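Read-outs: derived from the displayed coordinates by stated rules, not from any lab. As the structure is a computational prediction, the values presented were derived from the model and not from experiment. Here the Cβ is made from the backbone with ideal geometry for all residues, glycine too, and neighbour counts use every protein chain on show.
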Amino acid sequence: MILHPGVISLIIGSGIVLLLVMFASALGIKITRGWDIKSSSEEQLSFERKTYLISTLVQYALSFEILSIFLFIYTAEDIHTLLVGAMCATGSLNANSFGFPTLYVKVVAFFVSAAWIAINHLDNKAQDYPLIKIKYRLLIAVLAILIIEFILQLQYFLRINPNVITSCCGVMFSEKGKGLVSSLTAAPILPAEILFYSLLGIMIANGIAVHKTQKKSFTYLFSIFSFIFFIASVIAIISFISLYFYQLPTHHCPFDILQKEYYYAGYPLYAALFTGSFFGMMIGIIEPFKKIASMTPIILQAQRRWALYAIIGLIVFALIASAPMILLPFKLY
Amino acid sequence: MALEKHRNILDYTLQALLRRKFKNIGIILVFTFVIFMLSSILFLSYSLRQEAHLILQDSPEIVVQKMRAGRHELIPINLEKDIRKIPGVSSTEPRYWGYYYDSGAKANYTILGIGTAILKNNRLLNGRMPLPHEKNVAAIGRGIADVRIIKKDIGSTLYLQAADGRWMNFNIIGIFESDSEIITSDLIIISEDDFKILNNMPEGMATDLIVHVSNETEIPTVAKKVKEQFPDSRPILRDEIIRTYDAVFGWRSGLIITLFTGALIAFIILAWDKATGLSAEEKQEIGILKAIGWETSDVLEMKFWEGLVISLTSFISGLILAYVHIFFLGASLFAPALKGWSVIYPDFKLTPFIDFYQIATLTAITIVPYIASTIIPSWKASITDPDTVMRG
Amino acid sequence: MIRTENVTKYFNRGNPDEVIAINDVSIEIKKGDFTVLKGPSGSGKTTLLSLIGCMSRPTSGKVIVENRDVSRLPERFMTEVRRNTFGFIFQQFHLIKGITVSDNVMLPLYPTGIKPSKLRKRAEEILINLGMGSRKDFPVQKLSGGEQQRTAIARALINNPDIILADEPTAHLDTHLSEEFLSIMRNLQQEGKTIVVATHDPLVYEKDCVNLIVEMRDGMVKDIIKKN
Ligand SMILES: Nc1ncnc2c1ncn2[C@@H]1O[C@H](COP(=O)(O)OP(=O)(O)OP(=O)(O)O)[C@@H](O)[C@H]1O
Ligand SMILES: [Mg+2]
């Protein structure tokens, strides 16, 4: 365990958020048990009022999750000097087997809590709370993920041992290494770029189709594509986008672009990617709710709008990612 | 449209806060103080660490010391020849340094005897450095210049007692005024020859040896070879020193922050209490707002803005105060706790160092708990039944 | 315009202090009506007004406002109906102290996202119509009783409501000011607005413009008098 300000703030913050969501989930369970929309009892009224508290709690939790992803990466970056062999955040995250899983779970927690808020938003638009049960079941899932996140994060910081040599991005993202990540970085760049941009083209076409018609097949497809595209983009960042930002043919780190040296370009880049993929994925996730009579017009409208957000997000992402390829002199081939 | 709505509610919130400024002044003061303390700790430890990094950047890759019975002892200079033969070593140099206790000022100085090695990264504001064989001259740190009973300046004389009890006098020819005072403020630099006389050092010995290695990646290998060839030596790697520094700084500030959580919890309880204790007037105001057409979520938003305004006001004032405290007032409140080893720190000036990360960390330990503690009271206020205002 | 069907409202239902404030009330108010809810203290006038005005939900029965059943709506929709359809005038005026007359008048529409400048213009127009133009930048606590009420009326009109609800509006006014209030109401009625006033002040319910009197006793409707 290292007693470091960043570590303390992450643990305190995650602990608080966990407590808030635990409380919200307990309320949620109580509400689903006694919920009766037809009743005008005082109890039902107090349930309806508690839904406001729950959504406020989850909204605050989501804001912290966003802060926490960056704080976590930054803390990893900051403690690299304490670890033998670590030269940046990647090295610190590799210090034990909990580093990267913690980061992944944080990203999942972000998506799931954002999804909860989006679904809650839709539910609030209907007059009969059609999604109340689904919503509070999903809240339990949010809670489970936050618990996992808290445990993984705690384990990661507890088990950091400054004397064990870790492998850094130089090794992890190098083309000579073994394993999945290395084979990704070793992939030939031109085909990878072609693949990436084709996928982007398909996404945009599909997004426009969803925006126009909201047909079931389109929306589901778009969701799947958004998920694939999210993963593909992270790979693309490691495999070639980062190279253009760093102007180095071998530097594959996905975190360094968050640094001042690269004009914090990573922030808008990841923000656009996360927003675009999130709305893209949500479009298919809410498709089943169309069947509920009071939700049909709400879902149709949401899909139309979210398809637009997704397209905009992805285009912004692609523009930022391509900017150094076009504007800077550095060329890979 | 949606944006205007939020602006309108924010406008109203600001107006309401100004109407009730005295109610919130207490919480803002306490919150400011909490943030001031925490950010002072963070600023201080980070800039100390930054200073250390700055200095160590130019320091030698490896320092070789000789050990006997677990203690550091003088090293024979002729080891240099053998070390230079190790592949990867580009050059070596002997160093002469030690400490000097000044009983008059009750302070410990660091004394460095320079041969060919010059501290490249230290700028002399006034004067120059002693030459390797120049007699009876010295360059001293600002800290020493000020701490001595009679203020020393260029041209005056410094007296030091040698190992055999004789007093040696040194003409001050330079005073350090560097960006990173932490290292130079207690430093005295004299020539190698004077150093040997002052400390009665035997010929052919040095305090330690520094070894330059041109290729970063070969440093551990070189260190290993040195250790193999001279089992009684201790090679110290620069990276290891950086690591130790960082661990100490991180650990100390972490420890203080942990101790500080007690205060933080007290503050959160206060914030909770303050948020729960709505005055009758405020309660009625919320009832009126709801009766005339505000929705529960609008009141919640108002409460959110209120929390944000209070925490941002406190956050920014706390931050500014801490900045002034650390970088202009020399961390006068708790420098002794964090600096520890240095005896001389009257004029301790740190280079301002502050970044995103520190701000994010501070946000996570101050604003997050504060906002969390106000959620439930805010919600309680927001669900006020509009019907109640119909009855007085 | 407004219809209640067998509306019942309990307070503290199931507790020893259970009260039945409204008991099986069915009334209908047409567009343009000037209605008075009349009855002794505790007869349920305020409660009925708050049910009609979407401030609270009935325990049973239906409240229908402009052909929409509002008796089971979630709170956020109730607020929406309230904000779009009703203007309220309370017995104690309930102005917010410390801010100016026009700020008070604008308040109901802050959360709708209308530009403040536009909102202010509308507020000032209404205030001028009510003869309050010169008082618009006054802090409300410095106003006289009559001026306070006119501010409250202006606030009730800011959303251009179809229905105006007033609870004991003349309780704190002298005869002269009460007459003045009633003439404002009559003008609004002539503009086509529906007016519902709860009161036991004969000055109000004996006025000619009143064309529907609902007399209440112990939460029940005792008598309905229609005039034309
Ligand atoms: N929140 C409440 N809890 C319990 N009882 C209530 C509540 N509000 C009103 N009541 C009761 O309901 C009944 C009707 O009250 P209401 O205020 O509607 O009467 P009212 O006709 O307006 O009387 P007044 O002329 O004095 O204003 C009264 O017996 C009152 O005590
Ligand atoms: Mg009443």
Please list, or write none, the aspartates and glutamates whose alpha carbon is within less than 12 Å of the alpha carbon of C:K227, excluding same-chain residues fewer than 8 places away.
-> C:D33, C:E206, C:D208
Describe numerically, in nm with one decimal, the distance between label points set 7 Å from Cα along Cα→Cβ at A:M22 and at B:L312.
-> 3.2 nm
If you stretched the chain out fully between A:K133 and A:I147, how much longer would it get, using 0.36 nm times the residue separation minus the C-alpha to C-alpha distance?
-> 2.9 nm
From the residues A:V108, A:P268, A:S14, which one has its Cα farthest along the dipole of chain A in the positive direction, the dipole being from +1 and -1 charges on Cβ of Lys/Arg and Asp/Glu about the Cα centre?
-> A:V108
Distance in nm between label sites at A:Y220 and A:I315, each 7 Å beyond Cα in the beta-carbon direction?
-> 2.9 nm
Grab the other residues whose beta carbon is less than 12 angstrom from that of C:I89, score K and R as +1, D and E as -1, and report the net.
-> 0
Return the FRET efficiency for the residue pair B:E240, A:L248: r is the Cβ-Cβ distance, R0 is 35 Å, and the value is rounded to the nearest 0.05.
-> 0.80
15 Å reach of a label modelled at C:F11, 7 Å along Cα-to-Cβ, counting backbone N of region C:41-77 | C:41-51, C:56-59
What residues of region C:176-214 lie in the reach of a label at C:S144, counting those whose backbone N is under 17 Å from a point 7 Å from the Cα along Cα→Cβ?
-> C:176-184
Across region A:173-333, how many lysine pairs, 8 or more apart or on two chains, come within less than 22 Å at their alpha-carbon atoms?
-> 7
Taking a crude spin-label model, label points 7 Å out from Cα along the C-beta direction, the A:S322 to C:D208 distance in nm is 7.8 nm
In region A:1-101, the trypsin sites (Lys or Arg not before Pro) that sit in a DSSP loop and have at most 13 other Cβ atoms within 10 Å of their own Cβ are A:K38
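In deg cm²/dmol and to the nearest 500, what is the mean residue ellipticity at 222 nm of the protein assembly as shown if only DSSP H runs of at least 4 residues count, each as -39500 (n - 2.57), divided by the residue total? Numbers along the way, then the final one.
Details: 31 runs with 513 residues, N = 953.
Mean residue ellipticity, 222 nm, calculated: -18000 deg cm²/dmol.
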Mean-position separation - Cα centroids, region A:1-24 and region B:374-392, in angstrom = 31 Å
Which number gives the lysine pairs in region A:1-169 that have C-alpha atoms under 26 Å apart and are eight or more places apart or on different chains?
-> 16
For B:K196, list the aspartates and glutamates whose Cα falls under 17 Å from its own Cα; do not include residues on the same chain fewer than 8 positions away.
-> B:E73, B:E93, B:E134, B:D164, B:D208
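Mind checking the full-extension length gain between A:K30 and A:I285? Use 0.36 nm per residue of separation minus the Cα-Cα distance, one decimal, nm. Write out the running numbers ahead of the final one.
Details: separation 255, 0.36 × 255 = 91.80 nm, distance 2.56 nm.
Extending this stretch completely gives an extra 89.2 nm.
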Sites C:N84 and B:R391, calculated FRET efficiency, Cβ-Cβ separation with R0 22 Å, nearest 0.05 | 0.35
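Among B:235-243, C:101-109, C:143-151, how do they line up from the highest to the lowest mean number of other beta-carbon atoms within 10 Å? Show your work: numbers first, answer last.
Details: B:235-243: 17.1, C:101-109: 25.2, C:143-151: 19.2.
Ranking the peptides B:235-243, C:101-109, C:143-151 by packing returns C:101-109, C:143-151, B:235-243.
Take every DSSP beta bridge whose two residues both sit in chain C, then give the antiparallel share in percent to the nearest 5.
On the way: 21 of 39 bridges.
Percent antiparallel among DSSP bridges in chain C is about 55.
Using the per-residue mean of other Cβ atoms lying within 10 Å as a proxy for protection, in what order, highest first, do the peptides B:4-14, C:54-64 fall?
On the way: B:4-14: 17.4, C:54-64: 19.9.
Descending packing order for the listed peptides: C:54-64, B:4-14.
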Using alpha carbon centers only, region B:5-57 is separated from region C:1-38 by a whole-angstrom value of 52 Å
Aspartates and glutamates with Cα under 18 Å of B:K21, excluding same-chain neighbours fewer than 8 positions away | B:D11, B:D273, B:E281, B:E282, B:E285, B:E306
Any idea how far the Cα center of region B:187-216 sits from the one of region A:300-315, in Å?
-> 70 Å
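If you count, for every residue in C:55-66, the Cβ atoms of partner chains within 10 Å of its Cβ, what is the mean? The partial results should precede the final answer.
Working: counts 8, 7, 5, 1, 4, 1, 1, 0, 0, 0, 0, 0.
That average works out to 2.
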Contour minus Cα-Cα span, C:S60 to C:N129, at 0.36 nm per residue, comes to 20.7 nm
What percent do you get for the relative contact order of chain B when only Cα pairs under 8 Å and 6+ apart count?
-> 28 percent
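Suppose a student asked you for the relative contact order of chain C, using Cα pairs under 8 Å spaced at least 6 residues apart; what percent would you report? Can you show the working numbers first?
Numbers: 433 pairs, mean separation 67.0, N = 228.
Once divided by the residue count of chain C, the mean separation gives 29 percent.
Which shape class applies to chain A: rounded if a/c is under 1.5, otherwise prolate when a/b exceeds b/c and oblate if not, where a ≥ b ≥ c are the square roots of the Cα gyration tensor eigenvalues? Display every interim value, and only then the final one.
Values: a/c = 2.78, a/b = 1.35, b/c = 2.06.
Oblate, because a/c is 1.5 or more while a/b does not exceed b/c.
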Computed FRET value (nearest 0.05) for B:H53 with B:K227, which takes r as the C-beta separation and R₀ as 30 Å | 0.70
Using DSSP, restrict attention to beta bridges with both residues in region C:100-228 and report what percent are antiparallel, rounded to the nearest 5.
-> 60 percent
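In this model, which of B:K380/C:K62; C:K38/C:K118; B:K303/C:K31; B:K283/C:K45 are farther than 32 Å apart at the alpha-carbon?
Working: B:K380/C:K62 29 Å; C:K38/C:K118 39 Å; B:K303/C:K31 39 Å; B:K283/C:K45 24 Å.
Violating the 32 Å limit, Cα to Cα: C:K38/C:K118; B:K303/C:K31.
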Shielding of B:14-21 by other chains, given as the mean Cβ count within 10 Å, works out to 2
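Would you tell me the mean number of C-beta atoms belonging to other protein chains that fall within 10 Å of each C-beta in C:95-103, as a whole number?
Details: counts 1, 10, 4, 7, 4, 0, 0, 0, 3.
Shielding by partners across C:95-103 averages 3.
Using only alpha carbon pairs under 8 Å that are at least six residues apart, calculate the relative contact order of chain A and give it in whole percent. Intermediate values should be presented prior to the final figure.
On the way: 418 pairs, mean separation 56.7, N = 333.
17 percent.
Count charges around C:G98 for me, please; just the other residues with Cβ under 14 Å from its Cβ, Lys/Arg as +1, Asp/Glu as -1.
On the way: positive: B:R19, B:R20, B:K21, B:K23, C:K97, C:K142; negative: B:E281, B:E282, B:E285, C:D103, C:D137.
Cβ neighbours under 14 Å give a net charge of +1.
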